[in-house]
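The values are calculated or read from the model by the stated rules, or taken from the named source; none is laboratory data. Since the model is a prediction, treat every value here as computed from it, not as a measurement. Here Cβ is always computed from backbone atoms with ideal geometry, including for glycine, and neighbour counts include all displayed protein chains. Note: areas computed on protein heavy atoms with side chains; ligands, DNA, RNA excluded. Shrake-Rupley method; radii C 1.70, N 1.55, O 1.52, S 1.80 Å.
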Amino acid sequence: MTVPTTRRATNAFIGSPIERLEDLRFLTGRGQFTDDLTDAKMLHAVILRSSVAHGRIRSINTAAARARPGVHAVITAADIGEVPTIPLRHDPLPSSKRYVQPIIAAGKVRFVGEPIAVVVADSVALAEDALEAIAVDIEPLAAVVDRDAARKTDVFLFEETGSNIAGTITATRGDTDAAFKAAPYVRREHFKVQRHGAVPMEPRGLVADWDATKQRVTVSGVCKVPFNNRRALAQMMKLPEASVRMLEYDVGGGFGARGEFYPEDFLIPFAARVVGRPVKWVEDRRENLMSLSHARDAACDLEIACSRDGTILALRGHAFTDLGAYMRTNGATASRNISQIMSGPYRIPHVRMDVTMVVTNKTPSGTYRGPGRFESDFCRERLFDMVAADLGVDRVEFRRRNLIAEADMPYALAKVHVLDIVSECDSGDYQMTLDRCLAEFNWAERSKLQGALIDGRYHGIAIGCYLEGGGTGPRENARLLIEADGKISVFVGSSSVGQGVETVFSQIAADALELPMERINNVFHGSTDYVTEGFGSFSSRSIVMGGNAIVDAANRLRALMREAAAQRLGCATNEISFDNETVVGPNRAALDLKAFAGLAADGTHASNKRTYSYGAHAAYVAVDPKTGRVDLIDYVAIEDVGRIVNPLTLHGQCVGAVVQGLGGALLEHFIYDENGQFLTGSFVDYLMPTASDFPRIRAVALEQKPSPLNPLGAKGAGEGGIIPVSGVVANAVAAALSSLGVKLHELPLTPPRVWEMIQTARQSTAGKRP
């Protein structure tokens with residue numbers, strides 16, 4: 001659907017399936033990504049990364065590399081002096097601060113891929129040649145690559161701490177001990193979710209330009225949290241914040257991992273200051289796979305207490321997350337979510353989750369779409385199917401019986417104690433999305449196929465419910481400016497990570513100003529030049545926070561226009577009205593928007609309460625017992641996201657997220673050997689889903705229960721598509737193989753693993769025969 005050009009636009013664009021305005025630029029090759037940035041004076045940087053997982057650096061000899069043709073600088077920790085560490089942005093536990101990452105290896109390396117040196121040369125090829133001339137002597141140390149071993153070993157990544165445990169996060173609701181003592185039914189299981197990650201289409205890259213005269217650095221290519229990164233970089237380079245500019249360009253995917261502060265975010269600007277010329281760095285795919293933050297990698301002992309009719313009385317557990325070698329900027333976020341969100345959308349009066357964070361000699365972990373929620377849903381939903389079978393309760397009825405009721409809203413989740421975080425579900429009818437999912441999926445009819453062997457494949461179906469927290473505060477800012485041609489420019493602190501902010505923010509601004517969309521000149525996002533303060537895009541917050549900031553700015557701009565019009569027309573402000581694209585006073589005296597050129601208004605939306613989308617997913621799979629291959633026959637996703645701004649972009653978000661979830665459930669796995677060597681450094685070894693793998697995905701977005709927490713009534717919707725996938729798919733596979741007695745507790749469900757589970761089940765059954 002194209003943008004309407006003639007109709008009067010009063011509250012007309014929000015809710016319309018308008019095609020993404022960004023796409024024309026991308027499809028015609030006019031997108032501008034970091035690697036597209038060029039300059040005649042530009043130099044190129046490459047990074048020497050550790051090939052040893054754990055060791056002490058005895059020496060680094062860079063003389064031969066510095067003497068190579070075209071080399072302008074070789075930078076190591078010794079050249080930097082006092083080596084800064086990467087600050088924590090989210091969930092900064094006091095205990096975790098001892099495990100933060102230096103921006104370059106200083107004295108020790110702790111994972112394969114850790115930066116040791118930066119070479120700056122006339123070209124990438126010359127820099128790579130010089131890289132090979134650097135002589136590094138590293139004394140190998142025993143590598144700790146297993147979270148369980150890391151808790152028990154006397155080999156410490158940080159010797160001064162005497163521990164590989166970076167902290168424990170605990171969340172509680174009610175009294176679990178008393179509830180378990182009185183429960184007639186208890187079951188405990190152990191689950192594991194493998195290490196995998198975001199793997200965006202575009203690898204990371206930066207261009208830094210140092211202005212020696214102004215003592216100012218401009219960094220291009222950052223995104224997601226530019227204001228946070230500006231603040232961190234300014235502190236590290238001992239500059240005023242105003243002397244650091246962060247400019248955002250087009251980006252090929254974010255998904256939580258891109259835009260946090262990485263070592264390169266300091267090293268490239270520092271290198272630019274050293275050489276006095278622009279410096280570009282773009283990682284290759286191997287670098288991207290081994291150094292972009294990994295995610296998931298959690299194990300959980302989960303225990304449930306129920307009455308005999310299937311009513312859940314309590315839930316408790318202890319999870320262990322593998323952070324990799326360091327606590328990065330938001331390394332604790334997934335662990336915090338596991339502790340708080342394990343109960344999901346279910347009414348569970350007593351909850352306790354302890355999550356212990358462990359450091360190992362692997363790439364550091366961070367956030368990836370649905371951090372902690374993806375892991376939690378696998379453990380919880382898998383356990384629910386087991387419990388329902390034990391109690392003889394239908395799986396659907398078990399969930400329906402325990403869903404949070406609309407009358408319970410707002411419903412308090414478990415409190416995270418060490419961080420003093422409280423949150424509550426804001427609104428919703430969870431039964432409604434479950435019923436809609438069952439109907440769309442044709443559950444009643446397909447249930448007849450459960451466990452059936454048809455044409456050599458076992459068939460299975462499953463369903464699961466979830467919630468998605470979004471709209472993280474504390475605030476976001478926007479600015480609207482009337483240009484000389486009467487069009488409106490929109491400036492926001494939110495960033496673009498591929499979610500279509502130029503389109504949806506144009507829709508919001510047009511509706512708030514009651515103008516046609518073609519009156520919106522452009523949406524300028526993510527750069528520190530546009531607003532005085534911004535918080536970026538993460539945790540499904542762009543529409544909730546940035547969108548409502550635009551509404552506030554629009555209201556303020558209209559008030560300023562009334563005042564200006566009243567002065568010009570010599571009347572009271574209450575005599576001024578807006579009629580389509582003009583401002584009207586007494587006797588129908590009218591002013592075009594051009595008459596207000598230069599007028600601008602700033603807006604803010606502030607909130608410390610999160611919004612909660614919710615929904616249900618269902619999967620239908622067929623499993624080939626001879627090969628272990630899992631085929632997805634049908635997948636249905638239902639989500640209520642509050643108010644929908646653009647159903648077209650939302651649909652794309654949901655389907656894309658489901659595909660990522662399927663990749664995590666069935667394919668993707670970062671693997672290390674016992675020495676900490678990274679074994680999945682290419683797409684030959686790391687399997688990503690392709691367009692032909694999962695052709696049947698249906699997504700339905702609803703707006704039945706708008707959020708009461710913001711004027712738009714919006715809730716976050718960027719992560720809901722991925723959160724329940726692992727639990728739903730795993731339960732469908734388990735249901736398909738139920739007659740074989742397969743025990744399913746671990747992801748991913750790759751063909752070799754599924755085949756092995758089938759063989760183990762058959763051997764176990766054979767061993768029990770007389």
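Return a yes/no flag: does segment 689-701 have any residue that is more than 21 Å from the chain's Cα centre (by Cα), of a type in the set (A, V, I, L, M), more than 30 Å from residue 439 (Cβ to Cβ) and surrounded by fewer than 24 Cβ atoms within 10 Å (Cβ to Cβ). The answer is no, given that none of the residues of segment 689-701 is more than 21 Å from the chain's Cα centre (by Cα), of a type in the set (A, V, I, L, M), more than 30 Å from residue 439 (Cβ to Cβ) and surrounded by fewer than 24 Cβ atoms within 10 Å (Cβ to Cβ).
Search segment 152-195 for residues being basic (Lys, Arg) and out of contact with any strand residue (DSSP E or B) (no Cβ under 6 Å at 6 or more places or on another chain), and hand back the single one that is most open to solvent (accessible area, probe 1.4 Å).
Result: 181.
Filtered by the rule that a residue be in contact with a helix residue (DSSP H, G or I) (Cβ under 8 Å, 6 or more places away or on another chain), not β-branched (Val, Ile, Thr) and not in a loop (DSSP other than H, G, I, E, B), segment 163-189 gives 166, 167, 171, 185, 187, 189. For residue 482, only one of the following conditions fails: (1) of a type outside the set (Phe, Trp, Tyr); (2) open to solvent by 10 Å² or more (accessible area, probe 1.4 Å); (3) more than 27 Å from the chain's Cα centre (by Cα). What is its number? In the conditions (1) of a type outside the set (Phe, Trp, Tyr); (2) open to solvent by 10 Å² or more (accessible area, probe 1.4 Å); (3) more than 27 Å from the chain's Cα centre (by Cα), residue 482 misses (2) alone. Within segment 716-741, the set of residues being touching a residue at least 60 places away in the same chain (Cβ under 8 Å), open to solvent by 10 Å² or more (accessible area, probe 1.4 Å) and in a loop (DSSP other than H, G, I, E, B) comprises 717, 718, 719. Set side by side, the residues 16, 51 differ, and just one is of a type in the set (Ser, Thr, Tyr), open to solvent by less than 60 Å² (accessible area, probe 1.4 Å) and at pLDDT 95 or above, which is 16. Here is a check on your reading of the model: is residue 424 surrounded by 14 or more Cβ atoms within 10 Å (Cβ to Cβ) and either at pLDDT below 95 or under 27 Å from residue 715 (Cα atoms) (or both)? Taking the combined requirement at face value, the residue does not satisfy it.
Touching a residue at least 24 places away in the same chain (Cβ under 8 Å), in contact with a Ser or Thr (Cβ under 6 Å, 6 or more places away or on another chain) and β-branched (Val, Ile, Thr): is that true of residue 341 in this structure?
Answer is yes for this residue.
Residue-by-condition table, conditions (1) touching a Gly at 6+ places or on another chain (Cβ under 8 Å); (2) without any contact (Cβ under 8 Å) to a residue 24 or more places away in the chain; (3) closer than 22 Å to residue 253 by Cβ; (4) not β-branched (Val, Ile, Thr):
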| position | (1), (2), (3), (4) |
| --- | --- |
| 28 | no, yes, yes, no |
| 31 | no, no, yes, yes |
| 50 | yes, no, no, yes |
| 76 | no, no, no, no |
| 82 | no, yes, no, yes |
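Within segment 579-591, the set of residues being open to solvent by 40 Å² or more (accessible area, probe 1.4 Å) and farther than 15 Å from residue 520 by Cα comprises 579, 586, 587, 588, 590. When the test is whether a residue is outside any loop (DSSP other than H, G, I, E, B), among the hydroxyl-bearing types (Ser, Thr, Tyr) and in contact with a Leu (Cβ under 9 Å, 6 or more places away or on another chain), residue 96 passes it.
Among residues of segment 99-131 being outside any strand (DSSP E or B) and in contact with a helix residue (DSSP H, G or I) (Cβ under 6 Å, 6 or more places away or on another chain), the one that is most open to solvent (accessible area, probe 1.4 Å) is 106.
Do we have any residue at all in segment 299-315 that's under 27 Å from residue 540 (Cα atoms) and of a type in the set (Asp, Glu)? Scanning segment 299-315, I find no residue that is under 27 Å from residue 540 (Cα atoms) and of a type in the set (Asp, Glu), so the answer is no. Residues that are farther than 24 Å from residue 616 by Cβ, touching a residue at least 12 places away in the same chain (Cβ under 8 Å) and not aliphatic (A, V, I, L, M) are absent from segment 642-651 altogether. Only residues that are open to solvent by less than 10 Å² (accessible area, probe 1.4 Å), assigned to a loop (DSSP other than H, G, I, E, B) and touching a Phe, Trp or Tyr at 6+ places or on another chain (Cβ under 9 Å) were counted across segment 487-514, and they come to 3.
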